[in-house]
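Data first, discussion second: the structure below is written as structure tokens.
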Amino acid sequence: MNGAHPLSEEPAPAGTGIVHRLLVLPDRDAAEEAAAEAVERFGLGGEPEVVREALAGEDDAEDAQWLVVIEEPADGRDPAALKALEELAAEYDGWLESE
């Protein structure tokens, strides 16, 4: 797959023009590797943001999930590219969510 494939399938919230795709991953290393791989595979304009998301009520870093936040235009609609992003998340024992 080349970088010309937009990843969006759903419209963004009214007025934003941007959709957030979240790769939810088990640890920081997986998130950083998946972010770098996403840039390479999809030709993203910039490096995705990698953030820690603590689970509700958990203070232990081991109970945290890591998110790779990918922003994309709301008008890009390529189901094949979205499927490829889901597959990327699965390669790192994670999953894809949309915000």
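Miscellaneous remarks
- Candidate set from the stretch 68-99 (those that are among the charged types (D, E, K, R) and closer than 18 Å to V51 by Cα); member that is modelled with the lowest pLDDT: E99
- Scanning the stretch 23-30 turns up at least one residue that is among the small types (G, A, S), crowded, with 17+ Cβ neighbours inside 10 Å, under 14 Å from the mean Cα position of the chain (by Cα) and modelled with pLDDT of 95 or more.
- Subset of the stretch 31-46 that is exposed (fewer than 12 other Cβ atoms within 10 Å of the Cβ) and part of a loop (DSSP other than H, G, I, E, B) - its residue that is modelled with the highest pLDDT: G46
- Taken over the stretch 70-99, the residue count meeting the criterion of being within 13 Å of F42 (Cα to Cα) and among the acidic types (D, E) is 5.
The values are calculated or read from the model by the stated rules, or taken from the named source; none is laboratory data. This structure is a prediction, so every number in the text was calculated from the model and none was measured. So basically every Cβ, Gly included, is an ideal-geometry build from the backbone, and we count neighbours across all protein chains shown.
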